[in-house]
Amino acid sequence: MGQSAEFGKFLKVMRARLSPEDAGTLGSTGSRRVPGLRREEVARLSGVSTDYYTRLEQGRNIHPSKAVLDSVARALRLDAGERAHMMDLLAHCANSAAGPGPVQKVRPAVRQLLDAVGDVPAMVLGRRTDVLAANRMANLLFTDFTSLPAAERNLTRWLILDASAETLFRDWKTVAAEAVGALRMDVGRHPNDPQTNQLVGELAVHSEQFRQWWAGHRVASRSAGTVRLHHAVVGDLELNFETLSLPDDADQHLRVYSAKAGSPSSDALTLLSSFGESDTVTEVPEPARRDDS
């Protein structure tokens, strides 16, 4: 298990966000020229030497034990998602060669499952939050991902760059920031992916908010929750969502949105389902491989 520069950057950001009060180091003395904890404070809380912790942040090729990593995670007050991301960075980033990953394909049984959920929005998300398949209701509620150019069939890209997404989501900043956090976690699991790097670069060029969120190394792994929407046709909705990992492919997730039975949001979904002509699932075509040479 090697070390990586990204691992070190993550530790620095996590250290900078943690105040001495939060960490219980109020006894520390001296002026603070930068926000957050000092390296020696994190080292003391982690039970390691300052030199050892410094080498972690500098991306040296050392091999910390699980016990040390657990101690560092506790010292930095990492939540479960952040700890998982830290471990991914350490495990995958050090010696990963750049190159495109395998083509993402949706199994026929999963497409049948999308058909089966009927009049509720559902989609399959893959690597980089790519939208691999969506049913008719998802296309009606969000956008018709099928009609988008191949490079634009991505949930995070749509949320950040499409003005209609900001209008649709009443809590757009929260939803968009969580999507960026999910993209950040994907980078930890699959570093040096050319398509991911291209996506991050495009978003960074066109969105100041994305640049801020990305620089903050925020990660997000929320698999369930509620979204509040204002749809141009059916008005306000409040929907619950569940995101399920699919068997045989840990990088594919089924996300289903639903409304409480008998609620105004349920009525709005019923009204929305009356639009369109097809009741079938639309599988998003696979994008052509980019020439990364």
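The values are calculated or read from the model by the stated rules, or taken from the named source; none is laboratory data. Since the model is a prediction, treat every value here as computed from it, not as a measurement. Using ideal geometry, Cβ is built from the backbone for each residue, glycine included, and neighbour counts are taken over all protein chains shown.
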Problem set entry | Inter-residue pairs, beta-carbon under 9 Å, first assigned by TED's automatic domain parsing to the domain that holds Asn197 and in the range 142-159, second surrounded by fewer than 14 Cβ atoms within 10 Å (Cβ to Cβ), 6+ apart | Phe142/Ser164; Thr143/Ser164; Thr146/Pro285; Ala150/Pro285; Ala150/Ala288; Ala151/Arg290; Arg153/Pro285; Trp158/Ser164
Exercise. Out of all the residues in the range 146-158, is one or more under 25 Å from Met87 (Cα atoms), modelled with pLDDT under 95 and among the basic types (Lys, Arg)?
Worked result: no
For this session: Can you give me the number of residues within the range 185-233 that are within 25 Å of Pro121 (Cβ to Cβ) and of a type in the set (Lys, Arg)?
Result: 2
Exercise. Somewhere in the range 191-208, is a residue buried (at least 18 other Cβ atoms within 10 Å of the Cβ), in contact with a strand residue (DSSP E or B) (Cβ under 9 Å, 6 or more places away or on another chain) and either in a helix (DSSP H, G or I) or hydroxyl-bearing (Ser, Thr, Tyr) (or both)?
Worked result: yes
Exercise. In the range 235-259, what count of residues is obtained for those that are at pLDDT below 95 and either part of a loop (DSSP other than H, G, I, E, B) or not assigned by TED's automatic domain parsing to the domain that holds Gly118 (or both)?
Worked result: 2
Problem set entry | helices (runs of 4 or more DSSP H) wholly inside the range 41-112 containing at least 2 residues that are at pLDDT below 90 and closer than 26 Å to Asn154 by Cβ | 80-92
